[in-house]
1. Within the range 207-216, is there a residue that is open to solvent by less than 30 Å² (accessible area, probe 1.4 Å), touching a helix residue (DSSP H, G or I) at 6+ places or on another chain (Cβ under 9 Å) and under 30 Å from Arg63 (Cα atoms)?
2. May I ask you to verify whether Trp232 is at pLDDT below 95 and in contact with a strand residue (DSSP E or B) (Cβ under 7 Å, 6 or more places away or on another chain)?
3. For the range 385-394, how many residues meet the condition of being modelled with pLDDT under 90 and surrounded by 10 or more Cβ atoms within 10 Å (Cβ to Cβ)?
4. Please determine whether any residue of the range 153-162 is open to solvent by 80 Å² or more (accessible area, probe 1.4 Å) and either of a type outside the set (A, V, I, L, M) or touching a Ser or Thr at 6+ places or on another chain (Cβ under 8 Å) (or both).
5. Looking at Phe397, Phe390, which is the one that is in contact with a strand residue (DSSP E or B) (Cβ under 7 Å, 6 or more places away or on another chain), farther than 30 Å from Met372 by Cβ and touching a residue at least 60 places away in the same chain (Cβ under 8 Å)?
6. Quick one: how many residues across the range 10-40 are open to solvent by less than 30 Å² (accessible area, probe 1.4 Å) and hydroxyl-bearing (Ser, Thr, Tyr)?
7. Taking Asp79 and the conditions (1) open to solvent by 70 Å² or more (accessible area, probe 1.4 Å); (2) at pLDDT 70 or above, which numbered condition does it fall short on, given that it satisfies the others?
8. Please go through the range 163-188 and pick out each residue that is β-branched (Val, Ile, Thr) and either in a loop (DSSP other than H, G, I, E, B) or touching a Leu at 6+ places or on another chain (Cβ under 6 Å) (or both).
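The values are calculated or read from the model by the stated rules, or taken from the named source; none is laboratory data. Bear in mind that the values here come from a model prediction, so they are computed numbers and not experimental data. Heads up, the Cβs are rebuilt from the backbone with ideal geometry, glycines too, and the neighbour counts pull from every protein chain shown. What goes into the accessible areas is simple: the full protein's heavy atoms, side chains included, and nothing from ligands, DNA or RNA. Shrake-Rupley method; radii C 1.70, N 1.55, O 1.52, S 1.80 Å.
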Amino acid sequence: NNKLFSNTSFIYSNYEFLIEEEDDGFNLRYSSSIQDLSMKYDVDYFPVVNHAIKFGLQATNHRFIPSALVLEEGDNSTDVNEEDKDNTLESAIYIEDDMRLFSKLNMNVGFRISQFTHKSKTYLNPEPRISMAYALGRDFSVKASYAQMNQYIHLLSNSGIGLPTDLWVSSTDRVRPQSSRQVALGIAKDLSPGMSVSLEGYAKRSEDVIAYKEGANFLLLEDVSSTETISWEDNITSGSSDSYGVELFLEKKIGDFTGWMGYTLSRTTMQFDELNFGREFLARYDRTHDISLVGIYTVSDRITLSGTWVYGTGNNFTLPLRTFRTALDRSINGSIGYGDFNDIPERNNFRAESYHRLDLSIRMSKQKKKGMRIWELSLYNAYNRRNPFFYYQYEEFDSDTDQSRGVLAKVSLFPLLPSFRYTFEF
């Protein structure tokens, strides 16, 4: 009816990460994937003016394959096929009340209970949240919020240079879910009709964050002849992270030229007892500066021009300052071998180049008898910025000094890419 609405959704998604390599007669294929099947039921209820109640439930069946290894030796036809599967159930029920208590005070109060089951282990967590906005005048307001959340799927990232291997793994009976608490405080002001500005600060504390142990990884691609598999749960350690920052947002909504500007100054650090000698270090995805500029210009009823420029501080990696070789006693009979060792004084001690690019587009529309025809031409990365995708090291011989030196090189993807789209709406 006109006060009660409901929405039911069924969702299927599939994500896969894949690495393949051939080396000295071996063919290796390594993959990791998540398949999700979800159901959501949401209800909106409007009992009176300026009062809205939302409630609902959701359930998701996750099918994880955190590690699937196929190794083939061409000459001997020796195949190794190792696959690790996890099926989990995540569900939640929630209710929230959005109300205007007084003419100047808006409040949103919500409560959510989340549940996650892995084999015989079940996690049940409350997730309260509250936000308030108080109008100090016709064009000025302050706002504050608090939220407590839990995340049952972990991001597991390698910290060294090389091909990125960010993997998503499940909470288990041994790996606890990640929990966080976040507070925010901000102000907002209307500068003129159609233009507004807001400034907000936030702080977030996360517990049970996971990371690889020192020297550990899902798979050492340099040694494809090794068929020994180790559970990923044995290769990780847990710790905490702190994130805080300030966000500035300026928006223009009226006129032929509209758009917005967003700037975030932030810092994210991590602390693990078993990593970096227990000292705090910058997170891989710590981003000091983040800028978004969006402009939309309406030339006429039929032609619209738009541009987007984004900038972000580069990711952090662990880069050895030097590598040295030393003799090793490699067997019980006293034979001597040699091994390479890296001098790494600090985890995530190297900051990659900043990421930035410009996207441009023109949209041309025309009303036809049977509908609306739309042509759109776009340029992705219009000035062909070579943003780093990953880095690698190699040795280069210097004939002047008669010595070898290490060289750091980067690999870039996605140069200037034009695109074309045609749409017909009826």
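1. yes
2. For Trp232, the condition - at pLDDT below 95 and in contact with a strand residue (DSSP E or B) (Cβ under 7 Å, 6 or more places away or on another chain) - is met.
3. Count: 5.
4. No, the range 153-162 has no match at all.
5. Of Phe397, Phe390, the one residue that is in contact with a strand residue (DSSP E or B) (Cβ under 7 Å, 6 or more places away or on another chain), farther than 30 Å from Met372 by Cβ and touching a residue at least 60 places away in the same chain (Cβ under 8 Å) is Phe390.
6. Number satisfying all stated conditions: 5.
7. Status for Asp79: all satisfied but (2).
8. Thr165, Val169, Thr172, Val175, Ile187
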